[in-house]
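Comments concern the structure below.
What follows is calculated from the coordinates using simple rules that are stated; it is not laboratory data. Only a predicted model underlies this, so the values are computations on that prediction, with no experimental measurement involved. Note that each Cβ is placed from the backbone with ideal geometry, even for glycine, and that neighbours are counted across all protein chains shown.
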Amino acid sequence: ILNEESIKYLQEHPELEGSIDAVIANPPFVTVEDQSAEMKDRVVKLLGEAGKGRVDLYLAMLRLSIEILKPGGFGLFVLPQNFLLADSAVGMRRYLTERTWIHCLADLSAVPVFGDIGVYVILLVIQKLPEAGQSAPNAIIVRAQDMVGQALQDVLEGRTIESPYYSIYEASQKAFSEDSWSVLPPQSAAIQRKFTEFAELRSFTQLRQGIITGADDIFLVPSRDVAKDEAPIYIPFLADRDMEAYAVPRSYPRSFFYPYLDGRPLEEDVLRTKFPRTWNYLVTYRSRLEARKTVKTKGVAWWRPAWPREPQNLLRPKIITPHLVISPRFALDAVGRLAVSHSPIVFAKRQDVEQDRSEERRVGKECRSRWSPYH
């Protein structure tokens, strides 16, 4: 039995590398702030590329343990739960997956293993890769909320269980190939794998924000009050609370004043001469509109909404969702004629895709109109 500072001792005895059958350790969890300058330097040098960011002392102990194991040797560790996800541990997670098999990972973070000191732990059992001739085993994953002793006994006896107190299931070594180790139960893992088969939404869509006026109570007017000859400078407004799942309502009680005409910005003289009712309405609120910050600092004309969004980024087929929402709710503005205030809008990066969908809708509508039970 040696009472030594482990890192210093093992570095001074290189002959120990690859000589140990088993390592069992509950290495100290010591953050960067609590390490001496000498220890901090030693840890950084030892970890090399495997240590970046605010590395904890236990990561150095873990690496040394792997180095001194024989091929086929086992390591058993008590580690902090954040080892599974922390950016500072990415290098060591990669180091482990390249040099070891994970035999067992028991997440005990829901159980106060060390009482009330606020440390959440996992148990990790690894095997250093044997020299040749063995196939990789599946890892045993344990997630325990209670009855830890019984859960670990079931692991030793080779049981897989799903209960209110703990779950035990198997995962392939590929489950540890990601930068973060979020090892899911089989059903969740299957869903996750399915999601990874799809392209990310941002690869073919763009995210924008709806109209920001700085004075919605002025620029939003009852639709029934919009004169028919002035309708070209108004667009229907869809409020967050009126958004339905997948669809949009048939009627819109309010409309936005939208300062574009035939896709081009509306000029003030055109507004005054061609749309006098709207001009006179805005003039009654001129002092309030001039007090907006965008007018004073950004040079926005007093009668214009602060950020009305250009037609090519607003009046097009899009997915819309409320600005603030508790549960997901997405609606499709298939025609591309609605305005939203502040809310996110999602549209395709390629407009030819929208045209294809529009053609599909036209053909589908035509087919439905010709259909009868006798065809």
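Available extension along the chain between ARG316 and ASN138 is 59.1 nm, counting 0.36 nm per residue and deducting the alpha carbon span.
Gain on full extension, evaluated as 0.36 nm per residue between ASP269 and GLU49 minus their Cα-Cα distance, stands at 72.6 nm. Only lysines eight or more places from LYS274 in sequence, or on another chain, were considered; those with a Cα closer than 19 Å are LYS228. The long axis of helix 90-99 is offset from the longest Cα principal axis of the chain by roughly 50 degrees. Based on DSSP, what percent of beta bridges with both residues in the chain are antiparallel, to the nearest 5? Among the beta bridges of the chain, antiparallel pairing accounts for roughly 75 percent.
Pairing the Cα long axis of helix 37-47 with the longest principal axis of the chain, what angle in degrees results, from 0 to 90 and rounded to the nearest 10? It works out to around 80 degrees. Only Cα sites of the range 160-308 enter the Debye sum here, all with the same form factor; the resulting log10 I(q)/I(0) across q = 0.09 1/Å is -0.53, listed in q order. When the label point is put 7 Å from the Cα of TYR165 along its Cα-to-beta-carbon vector, which residues of the range 117-157 have a backbone N closer than 13 Å? Residues 144-155 fall inside that zone. Across the range 267-351, Cα-Cα pairs more than 14 Å apart make up 71 percent of the total.
Entry note, the chain: relative contact order of 12 percent, from Cα contacts under 8 Å with a spacing of 6+ residues. Placing R0 at 45 angstrom, the Cβ-Cβ distance between ARG193 and ASP41 gives a FRET efficiency of 0.60 after rounding to 0.05. For PRO253, neighbours were defined as the other residues whose beta-carbon sits under 13 Å from its Cβ, and their charges (Lys and Arg +1, Asp and Glu -1) total +2. Peptides 75-84, 288-297, 255-264 ordered by packing proxy, namely the average of other Cβ atoms within 10 Å per residue, highest first: 75-84, 255-264, 288-297.
Helical content alone sets the calculated 222 nm signal of the chain at -8500 deg cm²/dmol, taking -39,500 (n - 2.57) per DSSP H segment of four or more residues and averaging over every residue. Toward the positive end of the charge dipole of the chain, with +1 on the Cβ of Lys and Arg and -1 on the Cβ of Asp and Glu, the farthest Cα among PRO344, MET92, PHE257 is that of PHE257.
Mind scanning LYS8/LYS45; LYS70/LYS174; LYS174/LYS194; LYS8/LYS40; LYS52/LYS128; LYS8/LYS52 and naming the pairs with a C-alpha gap bigger than 18 Å? Check vs 18 Å cut-off fails for LYS70/LYS174; LYS52/LYS128; LYS8/LYS52.
A simple spin-label model places pseudo-atoms 7 Å from Cα toward Cβ; at ASP146 and VAL119 they are separated by 2.6 nm. Using the Cβ-Cβ distance between PHE204 and ALA245 with R0 = 25 Å, the FRET efficiency computed as 1/(1 + (r/R0)^6) comes to roughly 0.65.
Taking the inverse of the mean reciprocal distance over all distinct Cα pairs, the Kirkwood hydrodynamic radius of the chain comes to 26.8 Å. Computed over neighbours whose Cβ is under 13 Å from that of ILE326, the net charge equals +1, Lys and Arg +1, Asp and Glu -1. Rounded to the nearest 20, the Cβ-based charge dipole of the chain about its Cα centre (Lys and Arg +1, Asp and Glu -1) stands at 2540 debye. Positive-end ranking of TYR234, ILE141, PRO112 along the dipole of the chain, with charges on Cβ about the Cα centre, is headed by TYR234. Charged neighbours of ALA22, selected by a Cβ distance under 11 Å, balance to +1 (K, R count +1; D, E count -1).
Put a dot 7 Å past the Cα of ASP34, heading toward its Cβ, do the same for LYS293, and the two dots end up 4.3 nm apart.
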